[in-house]
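Written out below as structure tokens is the structure these notes cover.
The values are calculated or read from the model by the stated rules, or taken from the named source; none is laboratory data. The model shown is predicted, which means the values in this text are computed figures rather than measured ones. Here Cβ is always computed from backbone atoms with ideal geometry, including for glycine, and neighbour counts include all displayed protein chains.
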Amino acid sequence: MGLILEVKNMTKDFGGLRALDRLDIDVAEGEIVALIGPNGAGKTTFFNCITGIYAPTQGDVLVTPYGKKQERINGLKPNHVTEKGLARTFQNIRLFANMTVLENVMIGRHCRSSSGILGAIFRNRKTVSEEKKIVKDSYTILEKIGLTTYVNEFAKNLPYGAQRRLEIARAMATDPFLLLLDEPAAGMNVRETEELDELIVRIRDEEQISILLIEHDMKLVMSLSDRIFVMDYGKKIAQGAPAEIQNDPVVIKAYLGEDIDA
């Protein structure tokens, strides 16, 4: 399997604070990769740097979409990063609360549309046809995620676990080759977490979308991941298969001696 994401020497400074320190992380086609570490390790900052929210102080973010040439995406705005095929969710849910479930997914799908301002104003045949396809494609995504029951419900009225899944559905609507999930299980109960586990594996297997996730639920991480990268104080301190990480003394020490399987 070829690498679809290579992050090399990623460094991010905020004034005198070094939040990321020469990180090297990669994801291969078809992988589920986890990025873990204590609170404040720099995990979300890392996501923000590779998705265009922050500009790295130094380092390279290289992507190789399936079957295409490698491209450096440093400096691109977030919407352009999305167009390149990287989509993300956020630790704090960011849905359009007063829009329906279907409308939330349609917004994600619009980044793959070609109708411009004039088409939206004059409603030509091409625009109308494209909008119908966006509705159809968005509903299909909701079917895959298991949210058709809520299709016309306002996003704010959904149960918490369904809101989490809706964020994933909206990200999938952008047609990514790599999906970045920032603590997708945060706040979920045991049943919701088990359903999330199944959903992430299904997205990888059925949609051929690779996954990079930040997560504190170590049971979920260990069951899902092909490989795990561990951060502490902005640095990568370990990487490997779940069994290797679970027994790594450096990792255990970073978690203050806690059993990360607990």
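Regarding region 119-135, can at least one residue be identified that is at pLDDT 85 or above, farther than 25 Å from residue 4 by Cα and either among the hydroxyl-bearing types (Ser, Thr, Tyr) or within 22 Å of the chain's Cα centre (by Cα) (or both)? Checked region 119-135: at least one residue is at pLDDT 85 or above, farther than 25 Å from residue 4 by Cα and either among the hydroxyl-bearing types (Ser, Thr, Tyr) or within 22 Å of the chain's Cα centre (by Cα) (or both).
For region 49-71, indicate whether the set of residues that are of a type outside the set (Lys, Arg) and assigned to a helix (DSSP H, G or I) is non-empty. Even if it seems obvious, please write down each step before you answer.
If we filter region 49-71 for residues that are of a type outside the set (Lys, Arg), which is where we start, we get 49-67, 70-71.
Next, only the ones that are assigned to a helix (DSSP H, G or I) stay: 49-50.
Checked region 49-71: at least one residue is of a type outside the set (Lys, Arg) and assigned to a helix (DSSP H, G or I).
A single entry from 2, 59 fulfils the requirement of being surrounded by 16 or more Cβ atoms within 10 Å (Cβ to Cβ), in contact (Cβ under 8 Å) with a residue 24 or more places away in the chain and over 20 Å from residue 174 (Cα atoms): 59.
Only one of the numbered conditions (1) free of Cβ contacts under 8 Å to residues at least 60 places away in the same chain; (2) buried (at least 18 other Cβ atoms within 10 Å of the Cβ) is violated by residue 139, and that is (2). If you check 48, 79, 98 for being out of contact with any Asp or Glu (no Cβ under 8 Å at 6 or more places or on another chain) and either β-branched (Val, Ile, Thr) or not assigned by TED's automatic domain parsing to the domain that holds residue 231 (or both), only one passes: 98. Would you pick out the residues in region 221-241 that are assigned to a strand (DSSP E or B) and of a type in the set (A, V, I, L, M, F, W, C)? Across region 221-241, the qualifying residues are 228, 229, 230, 231, 237, 238.
Residue check: residue 26 meets all listed conditions (1) without any contact (Cβ under 8 Å) to a residue 24 or more places away in the chain; (2) in contact with a Lys or Arg (Cβ under 7 Å, 6 or more places away or on another chain) but one, namely (2).
The number of residues in region 1-48 being in a strand (DSSP E or B) and in contact with a helix residue (DSSP H, G or I) (Cβ under 8 Å, 6 or more places away or on another chain) comes to 12.
Within region 210-249, the residues that satisfy the criterion of being polar (S, T, N, Q) and over 19 Å from the mean Cα position of the chain (by Cα) are 239, 246, 247. Checking each residue in region 200-213 for being surrounded by fewer than 17 Cβ atoms within 10 Å (Cβ to Cβ) and over 19 Å from residue 2 (Cα atoms) picks out 201, 202.
The residues in region 5-28 that are at pLDDT below 95 and within 19 Å of the chain's Cα centre (by Cα) can be counted, and the count is 0. When the residues of region 194-242 are filtered to those that are farther than 30 Å from residue 12 by Cα and of a type in the set (A, V, I, L, M), the one that is modelled with the lowest pLDDT is 196. Tell me which residues, restricted to region 1-33, are within 17 Å of residue 208 (Cα to Cα), among the hydrophobic types (A, V, I, L, M, F, W, C) and out of contact with any Gly (no Cβ under 9 Å at 6 or more places or on another chain). Residues satisfying the conditions are 3, 5, 27, 32, 33. Pairs meeting the criteria (first residue in region 8-19 and more than 11 Å from residue 57 (Cα to Cα), second residue among the hydrophobic types (A, V, I, L, M, F, W, C), beta carbons under 8 Å, at least 6 apart or on different chains) are 8/62. When residue 175 is tested against the conditions (1) assigned to a helix (DSSP H, G or I); (2) acidic (Asp, Glu); (3) touching a residue at least 24 places away in the same chain (Cβ under 8 Å), the lone failure is (1).
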